[in-house]
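Asks: Questions regarding the structure given below will be posed in turn.
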Amino acid sequence: MRSAAVLAAFSAGILLAGFGGPAMSQEWTTFVEPQLGTRLEFPSEVFTVHEGAAYRGTGEQYTTSDGRAALAVYSQPNAQHETPRSYLRRHNRAPRGTVDYVRVTRSFFAISAAYQGMIYYSRCNFSHRPEKTIHCFDLKYPASEKLAWDDIVTRMSRSLQPLERG
């Protein structure tokens, strides 16, 4: 019985390490939202189910095949000329005491909150180009898999940018 438990724990560790550990080998895809111009790299072997249009702005939503994690990528006009700080102040709905990480600069914000066994991560970049758009992704995944997701979240966060228009 004990050896079965050890084997199960070891197998879970291997799956998580392969899923999001330092030696990530997933296939990555570049999502491009051409209308308002958001670009994001994401692991297409992880987010295999296309769920349709994003719940906010113009974009798309994806989930893992088992539904345990979800991704929304979207763009929206910055019609009110909000800054990252003012946008976060107006739209942050994270319950008090759940926010683990907040970073706000002149050009973006990133926020992470843990709630009911899930981690919610959101990043929005604010374009200062004449079209004034906000480029975002929202990610939700099990808190128990935080270490496995850290590298994925970092790569996705660093890849978020406005689409270069020629």
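Asks: So if we plug the beta-carbon distance of residue 55 and residue 159 into 1/(1 + (r/R0)^6) with R0 = 25 Å, what FRET efficiency do we get, rounded to 0.05?
Replies: My answer for the efficiency is 0.70.
Asks: Which shape class, rounded, prolate or oblate, goes with region 62-139 when its Cα gyration tensor gives a ≥ b ≥ c as root eigenvalues, a/c under 1.5 marks rounded, and past that a/b bigger than b/c marks prolate?
Replies: Oblate shape, in that a/c is at least 1.5 and b/c is the bigger or equal ratio.
Asks: If you scale each eigenvalue of the Cα gyration tensor by 5 and take the root, what three semi-axes come out for region 26-162, rounded to whole angstrom and sorted largest first?
Replies: 22, 19, 12
Asks: Report the full-extension gain for the segment residue 98 to residue 118: residue separation times 0.36 nm, less the Cα-Cα distance, to one decimal in nm.
Replies: Numbers: separation 20, 0.36 × 20 = 7.20 nm, distance 1.05 nm.
The residue 98-residue 118 span can extend by a further 6.1 nm.
Taken together, the values in this text are just the output of simple stated rules run on the coordinates, not laboratory data. None of these values were measured; they are calculated from a predicted model. Positions of Cβ are generated from backbone atoms using ideal geometry, with glycine treated the same way; all protein chains shown enter the neighbour counts.
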